[in-house]
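FYI, it's all coordinate maths here, none of it is from the lab. Since we're looking at a predicted model, the values are computed, not measured. Every residue, glycine as well, gets a Cβ built from its backbone with ideal geometry; the counts of neighbours run over all protein chains shown.
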Amino acid sequence: MARLSILPPVAPAPFLIIGSGIAGLYTALQLSSVGQVVLLTKDRLEESNTAYAQGGIAAAIDPQDSPQLHYEDTIRVGVGLCIPEAVTVLVHEGTERVRELIQYGVPFDLLEGIPALTKEAAHSRRRILHADGDATGREISRSLTRHVAENPRITVMEETMVISLLMEKERCQGVLAVLADGSLKAFASSATILCTGGCGQVYATTTNPSVATGDGIALAYLAGASVSNMEFIQFHPTALYFPPAPRFLISETVRGEGGLLRNTRGERFMPNYHELAELAPRDVVSRAILQEMERTESDRVYLDLSSLTPEQIRNRFPNIFETCLQYGLDITEEKIPVAPAAHYLMGGITTDLTGQTTIPGLYACGETADPGVHGANRLASNSLLEGLVFGHRITEALRQSTPTVPYITEDISYNLKQETSPETITSDRRFLQELMSAQMGILRHGDGLVKSLETLSPPEQEATTICLTPAYIELQNLRTVARLMIKSALIRRESRGSHYREDYPSTDPTWRRRTIISGSKVDYWPIPDE
Ligand code: SIN
């Protein structure tokens, strides 16, 4: 096996941000007021989960609304696992952060001169701001990307894949990355902020783009950081099911504006499952759809938009309308075939309320982080808000801290693994995705989880063995994250929110605690009372 050594000094970058979704872009902009920022992204700056977010961003900006109501909705949907203090921070600071987005020029849709607000599942009020109808993430991403590109204190490096965190004296001192030309470069940094998004790609069917491979979670875990609540993955109830069209998200706001769910027999079923019917929490709707598909021996249900006029559909959901039309489905005339798909990870790298992970010098923000705001089930449209609120908090914490000088003094050595063929990587990735969809989907069972964990036994080589192909690194990250998810799901012997164990179907009050994994150690943190 070849050996690679990196000798100091390495390129210094006071603040290093990994990832270019809302958390990465916004935190970069904020931190540029404190010092120089280097932003590394494995794809292009515009490619992230954020860019695919449709529904919007939740904030209690309406005079009829309040952060307290937003707090209560979030806590209720999180089924006892939200950390009350984290949610308080989210809903109270969120309104100011959304106003900043408006100042950054995000063109939110307006109604009589003020932001138009829509509704999503389990919100007791209309409080979701949206842009270009159903392309909120794309518009936020565009506005922030423009500011980042124009900011002289931010250096962006695209197609740069981080393969390892550089640790010395138990502190994160930067990262090692493969650049676009295939060369390796080490970046030393006084603070490294992981904003690498989610991991929907561990599943065969997901609303997430192909870049959502849980990279930050794998990097942090392998460097010794704690990760929490990895069993809680949210399935979005309504992803397009119209093969060969991709599993495109059909926003929950479609149901918020009156869309109804019907089974293949044309029966409306959600009122039989929950008093909020189509606007019940996502875990409830996804399980109900699964039951209806089983009952009617079908692989889909339908979203019926007949309460909206064709003009309303085209104006309010231009992106969904156009995309479906491209695949030959005119949603002003026909019902939309849908089925659930993996959508959002509620757990992630454990952080405190300033984004600090359990490793000094390492921060995490956005979907990759778990500061405790989502609990067992995320309230719709709280995720973009989370990226802003905690990105701001990380900035303020770093503004007040004394910058440390990156401290890489010793030769860092890695074993270089021979490249695996692209065909093998693709088929291994597919195998993992099918396994996770079968055993770690909406319904889980201990027997299947045990077998899956055995199948995905850890790679033989240690963390200091690397391969330089981004596709191979992604596969390894997916495997690491999948193992953490299964392990957490096995540990939690109850059903709660998005985690449903067929062998433990009840919610057990003694399980009102966070599952924390670091290395081979498992810990449980009780959730403080409100
Ligand atoms: C949606 O538009 O349904 C997705 C919004 C979210 O996941 O928060």
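In order along region 217-233, phi translates into HN-Hα couplings of 5, 5, 4, 5, 4, 5, 8, x, 6, 7, 10, 9, 6, 6, 7, 9, 10 Hz, rounded to whole numbers, per the Karplus curve 6.51 cos²θ - 1.76 cosθ + 1.60 with θ = phi - 60° and x for Gly and Pro.
When peptides 364-373, 204-213, 240-249, 292-301 are ranked by their average number of other Cβ atoms within 10 Å per residue, the highest-first order is 364-373, 204-213, 240-249, 292-301.
Would you compute, from DSSP H runs of 4+ residues alone, the mean residue ellipticity of the chain at 222 nm, taking -39500 (n - 2.57) per run and dividing by the full residue count, rounded to the nearest 500? My calculation for the chain gives -10000 deg cm²/dmol from helical runs alone. Highest average first, the peptides 443-455, 29-41 ordered by how many other beta carbon atoms sit within 10 Å of their residues are 29-41, 443-455. Annotation: amide H of Ser164 within the under-5 Å range of Leu176, sequence separation 5 or more or interchain, hydrogens built in the peptide plane.
Summing Lys, Arg as +1 and Asp, Glu as -1, what charge do residues with Cβ under 13 Å from the Cβ of Cys324 carry, Cys324 excluded?
In short, -2.
A Stokes-Einstein calculation at 25 °C with viscosity 0.890 mPa s, built on the Kirkwood radius of region 7-146 over Cα pairs, returns a diffusion coefficient of 148 µm²/s. For region 195-219, the residues whose backbone nitrogen is under 15 Å from a point 7 Å from the Cα of Thr420, taken along Cα to Cβ, are 202.
Considering only Pro509, Leu260, Leu398, and ranking their Cα positions along the charge dipole of the chain that arises from unit charges at the beta-carbon of Lys, Arg, Asp and Glu, the one farthest toward the positive end is Pro509. Net charge in the neighbourhood of Ala341 (other residues with Cβ under 12 Å of its Cβ; Lys, Arg +1, Asp, Glu -1) is +3. Mind running the shape call on region 211-265? Use the C-alpha gyration tensor, a ≥ b ≥ c as the square roots of the eigenvalues: rounded below 1.5 for a/c, prolate if a/b tops b/c, oblate otherwise. Note, shape of region 211-265 comes out prolate. When the alpha-carbon atoms of the chain are used, the pair Rg, Dmax equals 22.1, 68 angstrom.
Can you give the charge dipole size of the chain about its Cα centre, rounded to the nearest 20 debye, using +1 on the beta carbon of Lys and Arg and -1 on the beta carbon of Asp and Glu?
In debye, rounded to 20, the chain gives about 540.
Counting charges near Tyr241 (Lys, Arg +1; Asp, Glu -1) among other residues having Cβ under 12 Å from its Cβ returns a value of +2. The stretch between Thr455 and Arg430, if pulled fully straight at 0.36 nm per residue, gains 7.6 nm over its current Cα-Cα span.
When Rg and Dmax are taken over the Cα atoms of region 417-511, they come to 15.4, 49 Å.
Per-residue 3J(HN,Hα) values for region 103-117, derived from phi via the Karplus relation 6.51 cos²θ - 1.76 cosθ + 1.60 with θ = phi - 60°, read 5, 6, x, 5, x, 4, 5, 10, 10, 6, x, 10, x, 6, 10 Hz in sequence order (x marks Gly and Pro). Shown for the chain: lysine pairs separated by 8 or more places, or found on different chains, whose C-alpha atoms are under 28 Å apart, numbering 15. Per-residue packing, averaged as other Cβ atoms within 10 Å, sorts the ranges 385-391, 518-524 into the order 385-391, 518-524, beginning with the highest. Annotation: amide H-H contacts under 5 Å for Ile193 (H modelled 1.01 Å from N, sequence separation of 5 or more, or interchain): Leu16, Ile17, Ile18, Tyr363. Here region 38-96 and region 357-407 have alpha carbon centers that stand 12 Å from each other.
Between 0 and 90 degrees, the angle of helix 136-150 with respect to the longest Cα principal axis of the chain falls at about 30 degrees.
Can you tell me the 0 to 90 degree angle between the C-alpha axis of helix 422-439 and the longest principal axis of the chain, rounded to 10? So the helix axis and the longest Cα principal axis differ by about 50 degrees. Relative to the longest principal axis of the Cα atoms of the chain, the long axis of helix 282-295 lies at roughly 60 degrees. For region 243-352, pairs of C-alpha atoms spaced more than 23 angstrom apart make up 31 percent of the total.
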